[in-house]
1. Which residue, B:73, B:213, B:15, has the most motion in a Gaussian network model of chain B that connects Cα atoms within less than 10 Å?
2. Which of A:187, A:140, A:65 ends up with the largest GNM mean-square fluctuation for chain A, with Cα atoms connected below 10 Å?
3. Rounded to the nearest Å, what's the spacing between the alpha carbon centres of the range B:99-113 and the range A:127-206? Just the number, please.
4. Taking the Cα centre as origin and putting +1 on Lys and Arg beta-carbons and -1 on Asp and Glu beta-carbons, what dipole magnitude results for chain B, to the nearest 20 debye?
5. Calculate what fraction, in whole %, of the accessible area of the protein assembly as shown sits on carbon and sulfur atoms when a 1.4 Å probe is rolled over the protein chains.
6. 222 nm [θ] for chain B, helices only, -39500 (n - 2.57) per DSSP H run of 4+, per residue, to 500?
7. For the range A:39-50, take each phi angle, set θ = phi - 60°, evaluate the Karplus expression 6.51 cos²θ - 1.76 cosθ + 1.60, and give the result in whole Hz per residue in order, putting x for glycine and proline.
8. Any chance you could run the full-extension gain for residue A:26 through residue A:187? It's 0.36 nm times the residue separation minus the Cα-Cα distance, nm to one decimal.
Protein chains: 2
Amino acid sequence: MELLIDTAFNASGILSPDESHHCIKVMRHREGDQVFVTDGNGTLYTCRIVKADARGCQLNVESTEERPQRHQLHMAVAPTKNIDRFEWFVEKAVEFGVSRITPIVCRHSERTNLRTERLVRLAHAAAKQSLKCTLPQIDEPTAVADIIKQSAAAQRFILHCKDGDKPHLFNAATALGTSTVVLIGPEGDFSDDEIAMAAQNGFTAASLGPERLRTETAALAACHIINLRQEV
Amino acid sequence: MELLIDTAFNASGILSPDESHHCIKVMRHREGDQVFVTDGNGTLYTCRIVKADARGCQLNVESTEERPQRHQLHMAVAPTKNIDRFEWFVEKAVEFGVSRITPIVCRHSERTNLRTERLVRLAHAAAKQSLKCTLPQIDEPTAVADIIKQSAAAQRFILHCKDGDKPHLFNAATALGTSTVVLIGPEGDFSDDEIAMAAQNGFTAASLGPERLRTETAALAACHIINLRQEV
């Protein structure tokens with residue numbers, strides 16, 4: 001099964017020019033073939049090709065299925081100095097089912113700029129590959145204070161490496177079936193001010209365990225733990 | 001804390017030429033500084049520099065601590081066509097604490113050759129970065145049948161994508177504190193013969209959940225699940 005993504009797709013069955021090209025020229029589909037299209041907003045359309053036009057395929061929608069995301073997970077992660085590592089995180093986070101990624105700017109950030117449109121392309125490609133019917137939201141870089149003050153997620157976590165009063169293992173602290181925001185800091189960790197501000201705004205400090213993990217590995221471990229929570 | 005790795009290190013305190021160079025020229029340590037050395041076999045030495053010689057540091061061992069691996073995890077994984085993805089898996093698996101990685105050759109393998117010495121270097125760098133005192137074993141490419149027939153691990157799993165009788169979620173099926181081997185197949189999955197051979201040799205078929213994951217993501221998810229099992 002391969003998935004076509006067209007955010008403007010609906011029951012009228014006209015496929016976007018980009019996806020029409022992909023469907024006819026790359027996937028080499030013909031009239032009568034069955035194809036699967038999502039609007040990236042949770043709906044999966046099972047269709048049959050009526051007119052195999054590489055500039056605008058006409059599809060007949062045979063059935064429609066709602067496939068809502070299994071959980072709402074917002075990852076707010078400081079981009080790594082080596083951008084490959086952050087891009088890798090974005091791809092893998094989408095495979096595990098993240099709903100929103102915000103690159104955050106922190107006191108100790110080594111990188112504050114990045115090409116968001118490249119991350120969006122990567123995220124969409126990963127969503128397609130892993131058959132996600134909901135496209136993740138990728139934000140522009142945002143000050144960590146804004147996320148801390150504005151997040152409305154039911155569960156809020158800050159994962160930092162500082163010693164201190166951190167009794168919660170992230171794996172044990174997360175609850176089922178609710179919305180979650182997770183803050184992951186830069187290589188130089190969050191500042192004491194940032195940690196204090198998070199605590200004042202209802203964020204729980206938590207640990208991923210005894211291993212020393214890189215920023216992008218820690219961020220992915222958190223995504224995977226939330227993914228596992230939803231399975232049980 | 002930074003870690004030096006010298007597989008021949010012992011109480012006599014002479015550091016290998018490579019690590020002496022790194023210690024003095026790169027880390028810029030001087031006589032009297034405290035440094036940490038592991039033999040890669042579970043022992044951590046806390047030392048002080050007696051003679052800061054870039055060709056052969058003389059260290060005084062102040063204390064010795066045994067840091068055995070928390071679990072024995074053998075990952076037998078088919079290398080991906082794009083070798084970057086497999087190398088990325090090796091690095092991340094070491095962060096999560098894998099003890100052995102075997103690149104396996106399967107019926108549907110798209111890649112059967114790789115530069116093992118490059119994987120070993122990557123694995124050692126990751127072990128150093130994440131403060132592991134046990135170096136993982138990286139094998140030469142091996143026929144999957146050999147792993148299936150020869151593994152002596154207490155828990156044996158094959159994670160494949162074929163439908164069928166697969167009631168076990170890997171996350172629920174793994175037990176605590178024992179040795180585990182996990183087989184992960186190529187992009188084209190294991191063949192029916194390979195799956196049958198594994199079943200005949202005491203391997204349990206298991207699933208990582210409903211998400212469609214790439215080979216290297218599935219392999220890493222399995223490592224992370226075993227890592228989480230040991231924490232509780």
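The values are calculated or read from the model by the stated rules, or taken from the named source; none is laboratory data. Quantities reported herein were computed from a predicted structural model and do not represent experimental measurements. A quick note on method: Cβ atoms are made from the backbone with ideal geometry, for glycine too, and the neighbour counts reach across all protein chains shown. Surface accessibility is based on the protein's heavy atoms, side chains included, excluding ligands, DNA and RNA. Shrake-Rupley method; radii C 1.70, N 1.55, O 1.52, S 1.80 Å.
1. Sorting by GNM fluctuation, first place goes to B:213.
2. Evaluated over chain A, the most mobile residue of the options is A:65.
3. Result: 37 Å between the Cα centres.
4. On the way: 26 positive and 30 negative charges, 46 e Å.
The dipole of chain B has a size of about 220 debye.
5. 46 percent
6. Numbers: 7 runs with 70 residues, N = 232.
Calculated mean residue ellipticity at 222 nm is -9000 deg cm²/dmol.
7. Going residue by residue, I get 8, x, 10, x, 9, 10, 9, 9, 10, 10, 6, 9 Hz, with x marking Gly and Pro.
8. Gain on extension, residue A:26 to residue A:187, equals 53.9 nm.
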